[in-house]
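The values are calculated or read from the model by the stated rules, or taken from the named source; none is laboratory data. This one's a predicted model, so the numbers in the text were calculated from it and none came from an experiment. All Cβ positions, even for glycine, are placed from backbone atoms using ideal geometry, and neighbour counts span all protein chains on display. Areas reflect the complete protein model, heavy atoms only, side chains present, ligands, DNA and RNA absent. Shrake-Rupley method; radii C 1.70, N 1.55, O 1.52, S 1.80 Å.
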Amino acid sequence: QVRLVESGGGLVQPGGSLRLSCAASGIIFSIGYMGWYRQAPGKQRELVAHITNLGGTNYVDSVKGRFTISRDSAKKTVYLQMNSVKPEDTAVYYCKVFAGGNDYWGRGTQVTVSS
């Protein structure tokens, strides 16, 4: 059974930092794409960042220069380092993994940016 478990969310003040982690288990195929998405109340889910199995990365414009995605393929874990966070970064953050021809989603972790 495939499981993706996100952690690291919480309440942070504007300008602060958080590091999200997403650990995958039960995946027997090589993992290709790993990504972070977010969904704010009343809005559609959007891609925040993704990283390929070769380390190529892509970011939504609103987080460029502030967020960094990375992965540890041996641990089947993807990270999102969030710096200089803003109130508009408040959302539920989900990780997604592509492996064996399928997409797998985590259940999400809440990030709230507020003073």
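Summary table below
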read-out	value
The range 23-44 residues that are under 27 Å from Thr112 (Cβ atoms), paired with ones that are of a type in the set (S, T, N, Q) (beta carbon under 8 Å, 6 or more apart)	Ala23/Ser7; Ala23/Thr77; Ala24/Thr77; Ala40/Thr90
Boolean, Ile27 is under 13 Å from Cys95 (Cβ atoms), in a loop (DSSP other than H, G, I, E, B) and either aliphatic (A, V, I, L, M) or open to solvent by 40 Å² or more (accessible area, probe 1.4 Å) (or both)	yes
Positions within the range 91-112 being surrounded by fewer than 18 Cβ atoms within 10 Å (Cβ to Cβ) and within 19 Å of Gly42 (Cβ to Cβ), in sequence order	Gln110, Thr112
Only one of Ser62, Ser115, Ser84 that is surrounded by fewer than 14 Cβ atoms within 10 Å (Cβ to Cβ), of a type in the set (S, T, N, Q) and part of a helix (DSSP H, G or I)	Ser62
Selected residue (criterion: farthest from Val5 (Cα to Cα)) from residues of the range 65-81 that are open to solvent by 50 Å² or more (accessible area, probe 1.4 Å) and in a loop (DSSP other than H, G, I, E, B)	Gly65
Count - residues of the range 36-59 that are at pLDDT 95 or above, aliphatic (A, V, I, L, M) and not in a strand (DSSP E or B)	1
